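Remarks on the structure that follows.
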Amino acid sequence: MDQNPLMDELADHNRNVNKFVSTLEERGFIVQEGELKYLDILKLCSEGVVDNCMGNHAGTPYSSVLLPPAPNQHPS
């Protein structure tokens, strides 16, 4: 029975990411997992959360990268 090529590709990708993270950590970098969140920019603008929607491209969602605070960082 043949292995699923997509699963092979995903496994290779995961190995590459894990190797990259290990290399960064070995070199003294702090690696933390974050999250990608899609935003409703028109809603945020309507609610006054953001000043404007200039640059809004219909059909193209806005996204934001959410990262945990760095070690010893105390966000306000």
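Which of 35, 26, 47 ends up with the largest GNM mean-square fluctuation for the chain, with Cα atoms connected below 10 Å?
47
So what's the angle, to the nearest 10 degrees on a 0 to 90 scale, between helix 5-26 and the longest Cα principal axis of the chain?
So the helix axis and the longest Cα principal axis differ by about 80 degrees.
Would you mind checking the radius of gyration and Dmax of the chain based on alpha-carbon positions, in Å?
Both quantities, over Cα of the chain: 19.1, 57 Å.
If N is the number of residues in the range 33-76, what value comes out of its Cα radius of gyration divided by 2.2 N^0.38 Å? Display every interim value, and only then the final one.
Numbers: Rg = 13.5 Å, N = 44, 2.2 N^0.38 = 9.3 Å.
It is 1.46.
Quick one: which residues, 5 or more positions from residue 39 or on another chain, have an amide H under 5 Å from its amide H? H modelled 1.01 Å from N in the peptide plane, none for Pro or chain starts.
Those qualifying (amide H under 5 Å, at least 5 residues apart or on another chain) are 62, 63, 64.
FYI, it's all coordinate maths here, none of it is from the lab. Given the structure is predicted, the values throughout are model-derived calculations rather than measurements.
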